[in-house]
Amino acid sequence: MSGSNEASDTQTASFCSVILSNIWMELPSLLQELHLSSSEKLLPSSDVPPITELLARLQEKLVAAANKAPESRMLIGQLEQLFLTADPGWLFSPISTQEDRAEFARLIRALIGCAALPLCSDDCSSLSAAAYQSVPSQAMAVCSALTALLENYGKGGGVKGPAAQLLHTLAPPICVFAVTHFQEQAWTSSSSRDGARRLQVALLKAGGWKDSAHLLMGGKEEDHRGILGGVLDILQPQMSKDSWQRCEAVKLVFAWTLLQVTRPSLSPHLHRLLPPSLLLNDDYRPENCMLGVRCLHHIVLHTAAADLRHFNQAEVVYQALFKHLYTNQAAVIQLSLSCLLDLLLVLEKSPSSPDLPPSRRKPCRHDDVLRLVLTHMEAEHKVALRRVYASALPLYVDRMGVAVCRHLQRVERVVLGYLQISDPPEETSRLKVLDALQKTIKAAWPRMEARADALLLRLLRLLVDVSSDRQLGESVRQELMDQTAASIRLLDACSHGRVQLLLQQVDSSCCSSDVLCCLATVMLQDRQDTGVKLEERTLAP
């Protein structure tokens with residue numbers, strides 16, 4: 001039995017040897033098809049020149065054919081066959097010096113240039129889909145060729161061999177190209193996106209990286225160091241103030257790169273990541289502005305506060321975001337308010353911080369943001385903006401804590417106004433404002449007794465309106481009634497039972513059974529059993 005296994009292994013080895021020999025014999029003919037042979041006859045395998053002598057000539061041919069789609073596609077196909085059939089030792093081992101690696105990188109950039117995106121003629125206009133018509137097919141061919149190169153590199157064990165440095169030189173342009181084409185955009189098709197994803201997978205596999213974040217940031221091992229610096233070397237010149245709008249893909253690749261990087265890897269590159277993010281944030285087009293705000297928010301979350309405050313960078317970001325609160329774009333305001341909430345903790349302590357003594361609870365940037373939000377909420381009539389403001393209000397009230405007393409008049413007007421207007425079908429505005437009201441009562445309860453009558457009247461009207469509105473879903477109606485009842489219980493707790501005396505005067509003939517049941521539940525529940533503890537605290541003046 002063992003003899004038959006040995007015979008089988010011998011036959012397999014012999015078969016593989018024949019295949020490898022045939023592949024190597026094809027190499028001279030491929031070189032001749034590429035017109036790299038110095039004679040008309042096929043070069044014997046022993047006369048194949050080293051790869052270092054061919055790189056510059058290959059690059060010249062790719063550059064010359066870049067603007068001729070049929071010719072460049074044929075040349076890319078031949079180059080793919082070369083990458084597939086060449087012996088890894090011949091293709092990679094001679095690349096041992098920095099100059100050789102740079103030459104190989106120029107070849108890869110020339111190959112990628114065959115699928116380069118057309119540029120906009122100016123900073124204001126954008127290209128139509130027809131301008132990208134030939135890009136997907138070119139990108140597919142380039143992805144296929146680069147995937148063949150990386151697979152050959154992996155077969156040769158290049159990551160552990162003498163040419164281990166080569167992959168770290170080639171990875172940044174390959175990564176940028178793959179990210180450009182695996183996103184669903186006007187210059188991609190389903191086939192080109194699939195090819196770009198396969199290329200990204202091949203790149204990760206060749207370098208032993210776990211995922212895209214590991215690819216950019218690297219690990220502790222020397223062989224697995226990140227390529228973020230190399231990627232930024234490519235993107236930074238294109239993300240300048242005068243050129244970033246000329247190529248549609250650059251901003252998307254930059255944003256994708258930034259969002260992959262987390263702390264502590266982000267801080268060392270902050271000086272290269274923050275300026276392009278601010279450029280996007282300041283653009284007049286909402287889609288670019290939103291992309292910039294997302295980038296800034298990611299920077300705030302993943303940069304040490306001390307690094308962000310260095311050179312007053314946090315203040316610059318604050319001013320860039322604060323101006324968005326004057327726009328009428330709901331999506332931009334929503335992202336900006338979320339980012340500001342995290343950024344404010346970098347600039348100053350929370351007004352509700354227990355470490356902050358009452359004497360130091362002076363008006364601050366938190367007050368500036370909340371004051372502007374409340375001012376806009378009072379006059380806002382657009383449903384989308386009302387929902388955005390209402391969703392942000394509980395978060396800011398909770399952050400302010402007892403310092404919300406400085407804004408009680410505005411908060412009361414906003415609550416009374418927003419509870420009066422229906423917001424079907426989910427009633428987002430009303431539910432969020434009820435949440436904000438409850439947080440306000442808990443934080444500033446001694447100041448709420450004087451406002452209990454007006455708030456109670458509005459809450460009772462809300463119960464009546466909701467109970468009679470048959471267009472509301474049952475779950476939404478029940479949620480509104482529960483939150484309204486919770487607010488009434490809180491008002492009763494902070495007014496020392498006076499609300500219950502007022503509820504006893506309600507005319508039951510004017511209310512539905514649902515309202516009466518809700519009010520009965522409130523009246524029967526003792527203040528101490530509501531689960532709400534209104535702790536005494538020192539109030540800000």
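Bear in mind that the values in this text are calculations on the coordinates, not laboratory data. The structure displayed is predicted, hence computed values, not measured ones. Here the Cβ is made from the backbone with ideal geometry for all residues, glycine too, and neighbour counts use every protein chain on show.
Structural remarks
- Among the trypsin sites (Lys or Arg not before Pro) found in region 207-282, those both in a DSSP coil and sparsely packed, with 12 or fewer other Cβ atoms within 10 Å of their Cβ, are LYS210, LYS220, LYS241.
- Under 27 Å from LYS382, Cα to Cα: lysines that are on another chain or at least 8 residues apart: LYS323, LYS432, LYS439
- The GluC sites (Glu not before Pro) found in region 421-486 that occupy coil by DSSP, while having at most 14 further C-beta atoms within 10 Å, are GLU426.
- Between ALA450 and SER189, the distance separating the two model label sites (each 7 Å from Cα on the Cα→Cβ line) works out to 7.2 nm.
- Mean separation of Cα contacts under 8 Å (6+ apart) over length of region 160-255, as relative contact order %: 26
- Applying 0.36 nm per residue to the separation of ARG309 and ARG365 and subtracting their alpha-carbon distance, the gain on full extension is 18.7 nm.
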